[in-house]
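The values are calculated or read from the model by the stated rules, or taken from the named source; none is laboratory data. All of these numbers come straight from a predicted model, not from anything done at the bench. Quick reminder, even Gly has a Cβ in these numbers, built from the backbone with ideal geometry, and neighbours come from all protein chains shown. Only protein heavy atoms, including side chains, enter the accessible area calculation; ligands, DNA and RNA are left aside. Shrake-Rupley method; radii C 1.70, N 1.55, O 1.52, S 1.80 Å.
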Amino acid sequence: MARLRAAFYFAFVLLALSAVSVAGKAGDTTRVPVRLEGVSAFPLRDVLAAAGIQQSVVGRFLRHPPKVERGDVEAEAEAVRLFYQRHGYFEAAASVEPAKNESPAVIRVAEGEPCRVGSVAVTTAEGTPAGEADTAVLERGLPIQSGEVFSVDHYEGAADVIASRLKENGRPFADVAPAAVVDLAAHSVAVTYTVKPGSRYTVGAVTFAGADTSEVRILRRALAFGPGDVYRQSKVESSRDALYKLGLFESVTFVNTPGKAPGTVDVLVRLKEGRLHRIRLGAGYGTEDRLRGQVRWETLRFARHTLLLGAEAKASSIDSRLQGYLRRPYVWDSKTTFLSDLTLGRKVEQDFRYGYVKAQAGLQRKVAPRLQGSAFLVLERVLQFAPDQTLDHAIKAGARDIATMASVAANLTYTTTDAPLDPARGVMANLYLEPTQVIGGGGLFFTKAILDGRQFVGLAPGWVLAFRLRAGGIFAGANRGEVPLTRRFYAGGANSIRGYAYNSLGPLSAQGALVGGAGLLESSAELRFPLKGGLRGVAFLDAGNATSAPFKFSQGWLRAGTGMGIRYMTPVGPLGLDLAWRLKKDPLNPSPYQVYFFIGYAF
């Protein structure tokens, strides 16, 4: 009987949680400050967020209590209590002391003792044939474990994991019934999952609904499974991701029904098409490119074919371009995409500026889950070249400026990082090779190679030590001095060696002009650490330079910069700035420091 009452109490908690999440708020709309007391088991910001209490960054920094509507304080206290109960504190209470005069309202929490998971068991439903489900395998590595404080998220997540394992084994109609019996006297919870595995199925017919104007053959290439394959949940999920990546659909839903043939399951893919045309406008400011603007038009379908066709105009103080591009997804399968573009642009370097037209076309392929490669045919023509007077002497002495070049650009990227925008662990490695033929003027052939490696080490929650090493070389034998200036290596800038201006480092001519090098070596170390709320700090050291030849290091070649920065974490990534100063004077860089505005990190 006691167990029945505890089970009833647990069910009541879950129903109350659902009711609070949809309940409307009403009452006095006067806003009053509110303070939480007695919170020690969880970070205060997590409890505030669970209660729906918003606090500004400035308020957190100045330690000002957040404000809520007076009539909502009781509801916020109830939300706090339910937050605790979701995390195993079933006896937690939250009382309210109303605001008086200038004093804030107080939500006083009595946390109590948490209930821990006493046991976790997976059993099969009555009538299930022996051997239909290996319960020992299903129990292994679940999100909920004996001895830990009970959590509704872990409790529900374990049921999802068990169901996914069964569906991955060809059982799309598997059912999992979770149950939790709470013993408040012992502060223990006994958790049981009862599974009905169902029969094993292979895929039967695969049909689409809501794709009347879509190219069905492209949709089928997006699927990781086909008729006759054993049903696998992971393949359904990867197929859903591939369909979403087309950009055509607002929603993608897979519906399984028993097939006409015994032992088969028919799959219906329900699609809801989204907008096919879009216009994007953007503006910003960067330390190096100053004011920048962008306008882009795209369509996702052309003449009933699935194509990403677009045009873009970008302008800044160092790079302006007008570009048209075409993307054909899933050329053979969901791993291969055709890409091409035509660009008319203008770039400004330290001692020269030039215009160019560039066309490229090629394939991008996901070789393995963590490995991606691409190969492009590239044709580029430098249309005009405007050097300053010092560089003009170097050009007259033989440095190549205007050139037409044909090349093959190949790229291979391997990554194990845990997040694309703010990684805390993992590695990234990128290899870039571009053999190039200069058309006319002696027919110089050279190969440009760049290897970029990065590693991220998580030291503690919020603390990350990041490293980068970048090495490059241009291999043209004894003729490397004829490599066009626009293809040579330069160093310095926000994503290179901070403390020096953009592309301001490299070999100089006899007249003192920056002519770039045939070698490059850069390294960076950066410590990222939490400050307060969404603020993070950065401390870094960068070193390296461009050299006259690959791995040729003359005396005094090394340049280094160090500094500190700050980031504010947003849904679109970290925003912030770095202040860097150089560790060695440079005649081309009179300012001893540089300020960089960032979206993201330097690497």
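Observations on the model:
- Gyration tensor (alpha-carbon) shape descriptor, the range 514-603, a/c threshold 1.5: prolate
- As computed over the chain, the Cα convex hull volume per residue (Å³): 212 Å³
- Loop-located chymotrypsin sites (Phe, Trp or Tyr not before Pro) in the range 410-496 whose Cβ has at most 11 other Cβ within 10 Å (DSSP): none
- Calculated from backbone phi, Karplus (6.51, -1.76, 1.60) coupling profile of the range 528-545 in Hz, x at Gly/Pro: 10, 9, x, 10, 7, x, x, 8, 9, x, 9, 10, 9, 9, 10, 8, x, 4
- Calculated from backbone phi, Karplus (6.51, -1.76, 1.60) coupling profile of the range 118-127 in Hz, x at Gly/Pro: x, 7, 10, 9, 10, 10, 9, 5, 4, x
- Residues Ser591 and Ala539, FRET efficiency given R0 of 30 Å [Cβ-Cβ distance, rounded to 0.05]: 0.90
- Take the Cα of Ala359, step 7 Å toward its Cβ, do the same at Ile599, and the gap between the two points is 3.1 nm.
- Solvent exposure of the range 236-366, expressed per residue, is 55 Å² of accessible area, with all protein chains present and a 1.4 angstrom probe.
- Label zone at Asp183 (point 7 Å along Cα-to-Cβ), backbone N below 20 Å, the range 141-169: 144-152, 155
- Neighbour-limited loop hits for chymotrypsin sites (Phe, Trp or Tyr not before Pro), the range 507-575 (at most 14 other Cβ within 10 Å; DSSP other than H, G, I, E, B): Phe551, Phe553
- Of all accessible heavy-atom area on the range 179-317, the percent that carbon and sulfur account for (1.4 Å): 55 percent
- Taken per residue, the accessible surface of the range 82-145 reaches 52 Å², heavy atoms only and a 1.4 Å probe.
- Computed over the range 179-239, Cα set: Rg, Dmax in Å: 20.5, 62
- Note that the range 370-383 has calculated 3J(HN,Hα) couplings of 10, 10, 10, x, 8, 8, 10, 8, 10, 10, 10, 10, 7, 7 Hz, one per residue in order, obtained from phi through the Karplus relation 6.51 cos²θ - 1.76 cosθ + 1.60 (θ = phi - 60°); glycine and proline are x.
- Accessible surface area normalised per residue over the range 424-494 is 44 Å², counting heavy atoms of protein chains with a 1.4 Å rolling probe.
- Distance in nm between pseudo-label sites at Arg270 and Gln511 (7 Å out along the Cβ direction from Cα): 7.2 nm
- By the compact-protein rule of thumb, 2.2 N^0.38 Å, the alpha-carbon radius of gyration of the range 75-146 corresponds to a ratio of 1.86.
- Shape class for the range 447-586, computed from the alpha carbon gyration tensor (a ≥ b ≥ c): prolate, with a/c not under 1.5 and a/b above b/c.
- Applying 0.36 nm per residue to the separation of Val378 and Gln145 and subtracting their alpha-carbon distance, the gain on full extension is 78.3 nm.
- Membrane-span-like helices of the chain, defined as complete DSSP H segments with a Cα extent of 27 Å or more along the helix axis and a mean Kyte hydropathy of at least 1.6, are identified as 2-22.
- When you filter the trypsin sites (Lys or Arg not before Pro) in the range 221-307 for DSSP loop state and at most 15 other Cβ atoms inside 10 Å of their Cβ, you are left with Lys260, Arg275, Arg304.
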